[in-house]
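Each remark here refers to the structure printed beneath this line.
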Amino acid sequence: MDSRFLRIALVLGLLSAVGPFAIDMYLPALPSIGKDLGASIGEVQASLMAFFVAMGAGQIIYGPVSDMLGRRRPIFFGLTLFAIGSVGCALAPDIQTLVVLRFVQGLGACAAVVIPRAIVRDLYTGHEAARVMAMLMLVFSVSPILAPLAGSVLVEFTGWRSVFWVIVGIAVAALAMVATSLPETRPPEMRADSGMRSALAAYAVLLRDRTFLGLVFVGAFGVSSFFAYLANSPFVLIDHFGLSSRQYGLVFAINAASFIGSSQLTGRLGKRLGLERLVKTAVVGFAAAMLMQVVLNLLGIDRLLPMLALLFIGFGFLGLVMPATAVLALDRHGPIAGTASALMGMLQFVTGAVVMAAVGQFVDGSSRPMVVGIGACALLALVVSYRTLVALPAHTRTD
């Protein structure tokens with residue numbers, strides 16, 4: 001593995017982790033924010049949902065803009081906006097202000113989500129792209145593994161506002177990293193045919209591509225299951241099962257490690273089985289584990305250890321599904337990779353926000369709404385994957 005490959009994966013992984021870090025470090029603080037600002041569970045979850053909505057909506061703009069202006073300038077703008085929003089969150093006097101500023105923060109963070117995927121497609125295709133995506137996720141794993149633990153320590157000793165001041169520092173560090181270590185991967189000659197008209201035409205092409213949309217929604221329902229877990233697990237594990245914020249951080253890190261660890265097998269298994277077969281197999285395992293949770297819960301078995309074990313298994317299979325579906329979707333649209341990545345990200349984050357809102361309507365202090373929401377997403381991912389993958393051309397299935 002050459003040094004350039006490793007450097008690109010490292011930089012893109014760290015950059016991609018900026019936005020998720022702002023989510024994962026924030027999770028242990030949710031109960032504390034509710035108590036400090038006098039907000040209900042639904043209002044506190046709205047601050048999380050606002051971030052996801054912004055992350056989704058902003059990508060639809062950043063993707064085409066990165067095709068038109070290059071990759072670096074939109075990243076600089078997004079990270080600056082992210083830093084400004086983070087300062088505002090640290091100073092927010094009430095829950096309404098926090099929700100608005102989390103939206104601003106999300107608008108900035110989404111640049112660091114959508115553009116790295118386009119950069120991967122600028123440089124690599126096929127199994128090489130899958131290897132970079134997997135390496136990117138390995139570096140990205142620093143967020144869901146370490147961020148909740150760091151957030152729980154900060155909340156315990158210095159209060160929830162300190163989380164946002166640390167995020168400000170991360171944003172500044174990311175700006176410095178982009179300035180010194182990330183080259184432009186879309187040179188001016190490749191931007192010549194890119195404009196608003198071409199962007200709209202590209203979106204029209206993508207929206208007519210049922211296979212692209214199917215692959216995107218397999219990932220969307222997969223990631224939505226994780227979003228349902230993000231929004232509800234602090235209350236389920238801390239309030240319902242009685243874990244401390246530090247224990248919650250540890251549990252969250254273990255599930256994240258399952259997701260990230262399995263993702264590292266994507267390139268190797270994809271080469272051996274084919275990416276289509278890998279997705280079909282992994283999505284069955286994902287759905288089986290998550291639906292087993294639903295069955296146990298409906299039978300009245302509401303215990304912490306079985307739930308955590310099935311989440312560990314299910315998210316492990318999801319770690320194979322996510323990078324493989326992203327590579328399959330983007331491989332089909334290399335010349336408009338930024339726009340394709342943007343539409344993919346927007347649809348996935350908006351789907352996740354809708355799922356969080358839907359699950360939030362049934363919050364009752366128990367684990368059932370979260371478990372059923374996760375199971376429903378897994379079942380939808382399974383159905384969409386089997387309806388979509390049969391439409392892939394033969395050469396894609398055996399890459």
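Among the residues of segment 253-270, those that are part of a helix (DSSP H, G or I), touching a residue at least 12 places away in the same chain (Cβ under 8 Å) and not β-branched (Val, Ile, Thr) comprise Ala253, Asn255, Ala256, Ala257, Ser258, Phe259, Gly261, Ser262, Ser263, Gly267, Leu269, Gly270. The single residue among Gly13, Gly42 that is under 14 Å from the mean Cα position of the chain (by Cα) and either outside any helix (DSSP H, G or I) or not aliphatic (A, V, I, L, M) (or both) turns out to be Gly13. For segment 238-247, a tally of residues being surrounded by 23 or more Cβ atoms within 10 Å (Cβ to Cβ) and closer than 20 Å to Met290 by Cβ returns 0.
Return yes or no: is Ala199 in contact (Cβ under 8 Å) with a residue 60 or more places away in the chain, under 29 Å from Phe77 (Cβ atoms) and assigned to a helix (DSSP H, G or I)? Walk me through it before giving the result.
Numbers: in contact (Cβ under 8 Å) with a residue 60 or more places away in the chain: yes; under 29 Å from Phe77 (Cβ atoms): yes; assigned to a helix (DSSP H, G or I): yes.
So Ala199 fits the description; yes.
Screening Glu156 with (1) without any contact (Cβ under 8 Å) to a residue 24 or more places away in the chain; (2) more than 22 Å from Asp122 (Cβ to Cβ) gives one miss only, at (1).
Tally the residues that are assigned to a helix (DSSP H, G or I), under 17 Å from Val18 (Cα atoms) and touching a residue at least 40 places away in the same chain (Cβ under 8 Å), restricting the search to segment 53-86. Of the residues in segment 53-86, 16 are assigned to a helix (DSSP H, G or I), under 17 Å from Val18 (Cα atoms) and touching a residue at least 40 places away in the same chain (Cβ under 8 Å). Pairs linking a residue in segment 87-108 that is touching a residue at least 24 places away in the same chain (Cβ under 8 Å) and under 13 Å from Asp36 (Cβ atoms) to a residue that is of a type outside the set (Lys, Arg) and not in a helix (DSSP H, G or I), with Cβ atoms under 8 Å and 6 or more positions apart or on different chains, are Ile95/Gly38; Ile95/Ala39; Leu98/Ala92.
With respect to Val236, is the statement that it is within 19 Å of the chain's Cα centre (by Cα) and touching a residue at least 40 places away in the same chain (Cβ under 8 Å) true? Considered against the rule, which asks whether it is within 19 Å of the chain's Cα centre (by Cα) and touching a residue at least 40 places away in the same chain (Cβ under 8 Å), Val236 comes out as no. Test Gln293 against the criterion of being more than 22 Å from the chain's Cα centre (by Cα) and either assigned to a helix (DSSP H, G or I) or at negative phi (or both), and give yes or no. When the stated conditions are applied, Gln293 passes them. For the residues Gly316, Gly300, the requirement of being surrounded by fewer than 23 Cβ atoms within 10 Å (Cβ to Cβ), without any contact (Cβ under 8 Å) to a residue 60 or more places away in the chain and under 17 Å from the mean Cα position of the chain (by Cα) singles out Gly316.
As a summary of the residue check, Lys271 satisfies the conditions (1) within 26 Å of Thr388 (Cβ to Cβ); (2) modelled with pLDDT of 85 or more except for the one numbered (2). For Lys271, the conditions (1) charged (D, E, K, R); (2) under 19 Å from Met370 (Cβ atoms); (3) in contact with a helix residue (DSSP H, G or I) (Cβ under 6 Å, 6 or more places away or on another chain) are fulfilled apart from (2).
Condition check for Thr180 on (1) within 30 Å of Leu291 (Cα to Cα); (2) out of contact with any Asp or Glu (no Cβ under 9 Å at 6 or more places or on another chain); (3) not hydrophobic (A, V, I, L, M, F, W, C): one failure, at (1).
One residue stands out among those in segment 305-340 that are over 21 Å from Gly261 (Cβ atoms) and touching a His at 6+ places or on another chain (Cβ under 9 Å): the one that is modelled with the lowest pLDDT, which is Thr339. The combined condition, being assigned to a helix (DSSP H, G or I), more than 17 Å from the chain's Cα centre (by Cα) and more than 26 Å from Met68 (Cβ to Cβ), is fulfilled by Ala309.
When you check Asp364 against the structure, is it outside any helix (DSSP H, G or I), at pLDDT 85 or above and under 22 Å from Phe235 (Cβ atoms), yes or no? No.
Sort through Val371, Val355, Val383 and tell me the only one that's buried (at least 24 other Cβ atoms within 10 Å of the Cβ) and either at positive phi or out of contact with any Phe, Trp or Tyr (no Cβ under 8 Å at 6 or more places or on another chain) (or both). Selected residue: Val371, the only one of Val371, Val355, Val383 that is buried (at least 24 other Cβ atoms within 10 Å of the Cβ) and either at positive phi or out of contact with any Phe, Trp or Tyr (no Cβ under 8 Å at 6 or more places or on another chain) (or both).
Only one of the numbered conditions (1) over 30 Å from Asp67 (Cα atoms); (2) surrounded by 18 or more Cβ atoms within 10 Å (Cβ to Cβ); (3) in contact with an Asp or Glu (Cβ under 8 Å, 6 or more places away or on another chain) is not met by Ala199, and that is (1).
For segment 329-379, give me the residue count where each residue is over 25 Å from Gln45 (Cβ atoms) and hydroxyl-bearing (Ser, Thr, Tyr). Qualifying residue count, segment 329-379: 2.
The values are calculated or read from the model by the stated rules, or taken from the named source; none is laboratory data. All values derive from a computational prediction rather than experimental measurement. We place every Cβ from the backbone using ideal geometry, glycine too, and count neighbours over all the protein chains shown.
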